[in-house]
Each structure stands twice: as structure tokens, then as C-alpha cells.
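The values are calculated or read from the model by the stated rules, or taken from the named source; none is laboratory data. Predicted, not measured: the structure shown is a model, and the values here were computed from it. Ideal geometry is used to build each Cβ from the backbone, glycine not excepted, and the neighbour counts take in all protein chains shown. These accessible areas exclude ligands, DNA and RNA; they are computed on the full protein's heavy atoms, side chains included. Shrake-Rupley method; radii C 1.70, N 1.55, O 1.52, S 1.80 Å.
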Amino acid sequence: MYHNPMLDLKCGDHSYPLHLAPEHVLSVLRPRPCTPEGTPAELVERALDDCAGILACFAAGERVVIVTSDVTRPTGSDIYLPLLVSRLNAVGIRDRDIEIVVALGIHRKQTAAEHRRIVGELYGRIQVTDHDCDDPGELVYLGDTSRGVPVEINRRVAEADRLILTGAVTFHYFAGFGGGRKSMLPGVSSRKSCMASHFSVLNPEEGNGRHPKAVTGNLEGNPVHEAMLEACAMRPPSFILNTVLGGDKEIIAAFAGDWREAHGAGCRFYAETFSAPIAEQADLVVVSCGGFPKDINLIQAHKSMAYASRALKPGGVMVLLAECRDGYGNATFFNWFGYETCTELESALRKHYEINGQTAWSVKEKAERFRIVLVSVLPDEEVRTMGMVPATTLDAALDVARPMLPEQFKAYVIPAGGTVLPVLKT
């Protein structure tokens, strides 16, 4: 069987060789070639140069809060945070007046080792605090959006003299893109605010599923994006710094400045770089999340599932490599699969909305439309309960998949599914 070592696919910290005859492979979907215009540090420094006028207005003694992402979202923060703090020091802001708030949303708290990975050489020098979406004493209510989403955000963020949002621009499966305003909502918002904003993903009428504009790569008319914009406008940052990472998780571009304009520029760059045009859909898609930490849990791995499904024919087969060493990513996630159908799950979700329930609905919806073989460390019985077929290796997954496929099947291979969006050209 044909083996191309360039197509070894990652699952956690392991790599599996792909044994697939070349006549079956339509294409390997990767980001478009991009040569960064400098080292990661140079790109960040150049972006920060655009904020020199804003930084010049900062004054000694002001309290500065920097928001950054947790370890489930690689951003290059260990590179850009020290450079950003150096700029703050240069305009008279002391280390003791700077605090880094980790935008957990509703994710778990970070370990000390994870904090060290996030802030790099700043660890032990600059105060680092995890956001807590469930601590009412650490939350401030700012008002409601036009669609009635209550905006409650981290008190440190709300009361800072100067606020800087940082993170990475990525695709997001229903907010369109990550980065920018998303650092505020859901990043440093209350659980109630997160739930309400994400509920916008559903159509008003029960049984109609997701809003047609709440899809990957789209901001225009996207109700989830619009809720995030309104929330961020209630506590606008002095500026943002957003990076774009390549397949090796190194910074390939950086955007800084006005929170709307810089994010918009980042989204345009990301879409141009990470969309993969396809002429047809395939019988089989073999997709890896890209290894750890992209596949740290199923909630994170779902992104690759969602994007890769764009390249798959109805009823087609997906082989998804997602180790999920941290399980599902939330204690309540698996409970949603007690509902036998998507319709039943959606009905329950409308009565008691949870973000994890929305992701569970999206997983179940794909498991109903396609046949998904999951390579992970999750218990076999639980994988089957979610409507997928368990496998322990890539070879085993392909052995399971082949009887489901036509003899002359065609496949796409996606080595980094969380960063590539197949776009069908009509």
C-alpha cells in the first residue's frame, strides 16, 4: 500500500502514516503557501509600531490589563506578550501595574505549567489571573445588547485604566472567525452571557437548526458575531493585537490597532490563506486536527470535524484523528447524547441552552449526515453513543471505512483540519 511520509497525520503527540493508494486521493488540502515577511518577533514588533500613537497616551501609574487566550488556542503569546509588556514599560507602565487575564470563557482553569507556556519569560514577573465565569463577585454587568444578551464581564477587565485584547484570528464554526471581539465575549464574560450570545446560533423557529448566517468564515449578518461586537463596544479596548499562526503554530502575520479594523484585516488575511477551493465533494475525508493541543478534547476537535465536513458528500465517510486526552472538554458535554436524535437534542437545547449542548448538537448532526470513524482515546462505548465508530489507529480506521465506500472512492486528506476550510466552487 502506498505511503507518502509527507502525509503522516498527527493524533496527540503521535504521527500515523497514511496508507492510501494515490489514485484514490483527489487532493491534499492545506493552507495556501505563505512566506512570512519577517520572524515572529519582527512581525509582532511591526504590528505594535502601528500602535505607537495609542501607547504614547498611556501614563505611568495606570492599571493595564492584557487579555490573552488559554492553552486550547495557540496564539504565539509566549512571543508577543513579552514584546507588548516591553512597549508598556517603555511608556512608563510598571510591571506591578500590568495584569494578564486568561480568557477562559467557560473552560477549566489553567495549571501553573500552562500559565508558563502562555506568558513565556513573563512567568513570575507579571501577575496572571484566570477568568472565572461563575464568580459573581468578579463580574460586572454592563447592559444588554439589542437582541437582549446580558453583558457581564470580568471585573478586572471592566475596571482597568487601559485594556488590550490579544489572541489569534482563526476560523470559528458559528461565530465566523475567532480573535478580536471574541476575547471579550465569550472570553472574559459570565456563563450567563456566554450562553445567551451563543443561543443566537439557533434559528428562531424550533426544529430549524442553526441560523444560516452563523457559519464558518462569515461575519456579515452573523447574529453571534453581532452580539460579540455589541458586547465589546460596551468596554472597548485601547487596541488589540491579533496573530495568525501557520501549520507549525508559528506566527506568520500580526495585526494591531483599532479593535474592529485590525480584526477585520486579520480575518481577510486568514480567509485568503486558509480557505481551500475544491471542485467537488469526496466519498472520504481523512482529517487530523493537527495533533496536541488542537485535539486536546472533543469540543476543540469538533472544529476540524465541522470544517472537513464541507468537503464530504452526503452520506460520505470521515476518518477523524483526535486524541482527546482531556476527554470531552466539559463535564456536561457527553450528557447531551442521551437524546436519540438531533431533533430531540435541539428541543432540549432550546429549553435549557448550554454552549456545550450546541457543540454536541453539531457533532450529532454530522454523525447523522455522515459516517464518522473517530481515532481517539475515548471509551469505545461512548464514541458509539455519540453516533461514531471508534478506532485506535489510522490503519484500523481505514479498515473500518473501506467497506462503507464505493470501490473507486475518492478522498481528500487534510493534515491540519482546524486551520483549513474547504470551499466548494460552483
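A few comments on the model shown:
- Across the range 146-163, computed HN-Hα scalar couplings (Karplus, 6.51 cos²θ - 1.76 cosθ + 1.60, θ = phi - 60°) run 5, 9, x, 7, x, 9, 10, 10, 3, 4, 4, 5, 5, 9, 5, 5, 9, 10 Hz from first to last residue, x flagging Gly and Pro.
- Length released on extending from Glu121 to Arg94, taking residue separation times 0.36 nm less the Cα-Cα span: 8.1 nm
- Relative to the longest principal axis of the Cα atoms of the chain, the long axis of helix 223-234 lies at roughly 10 degrees.
- Other-chain or far-sequence residues with amide H under 5 Å of His211's (modelled H): Leu202, Asn203
- Applying the criteria of a DSSP loop state and at most 14 other Cβ atoms within 10 Å to the GluC sites (Glu not before Pro) of the range 183-280 yields Glu205, Glu206, Glu220, Glu280.
- DSSP bridge orientation in the range 102-215 - percent antiparallel, rounded to nearest 5: 90 percent
- Kirkwood Rh, Cα atoms: Rg over Rh of the range 353-400: 1.02
- Sequence-distant residues sharing a close amide H with Thr145 (under 5 Å, placed H): Val151
- Bridge type composition, the chain - antiparallel percent by DSSP, nearest 5: 30 percent
- The convex hull built on the alpha-carbon positions of the chain has an orientation-averaged projected area of 19.8 nm².
- Euclidean distance between Cα centres, the range 186-265 to the range 367-426, Å: 28 Å
- Glu280-Ala112 FRET efficiency (beta carbon distance; Förster radius 41 Å; 0.05 resolution): 0.25
- For the range 131-144, Karplus couplings with θ = phi - 60° (6.51, -1.76, 1.60), whole Hz, Gly/Pro x: 5, 10, 6, 10, 9, x, x, 9, 10, 10, 8, 9, x, 10
- Charging the Cβ of each Asp and Glu at -1 and of each Lys and Arg at +1, and nothing else, the dipole of the chain about its Cα centre rounds to 360 debye.
- Under 11 Å, Cβ to Cβ, from Arg117 - net charge with Lys/Arg +1 and Asp/Glu -1: -2
- With Cα atoms, 0 to 90° folded angle of helix 355-369 axis to the chain main axis: 20 degrees
- Residues considered: Phe239, Phe269, Phe199. Largest GNM mean-square fluctuation over the chain, using C-alpha springs under 10 Å, is found at Phe269.
- Given a 1.4 Å probe and the protein chains as shown, Val149 ends up with an accessible area of around 10 Å².
- Considering only Pro293, Pro314, Pro406, the Gaussian network model of the chain with Cα springs below 10 Å gives its largest mean-square fluctuation to Pro406.
- Accessible area per residue was computed with a 1.4 Å probe on protein heavy atoms; Ile126 scores about 10 Å².
- The angle between the Cα long axis of helix 342-351 and the main principal axis of the chain comes to about 20°, on a 0 to 90 degree scale.
- Leu312 long-range amide H proximity, modeled H, under 5 Å: Ala282
- Met386 - accessible surface, heavy atoms, 1.4 Å probe, Å² rounded to 10: 0 Å²
- Take the Cα of His14, step 7 Å toward its Cβ, do the same at Met404, and the gap between the two points is 2.0 nm.
- The HN-Hα couplings worked out from phi for the range 57-73 by the Karplus form 6.51 cos²θ - 1.76 cosθ + 1.60 (θ = phi - 60°) are 8, 6, 10, 3, x, 6, 8, 10, 10, 10, 9, 9, 8, 7, 6, 6, 10 Hz, whole numbers, x standing for Gly and Pro.
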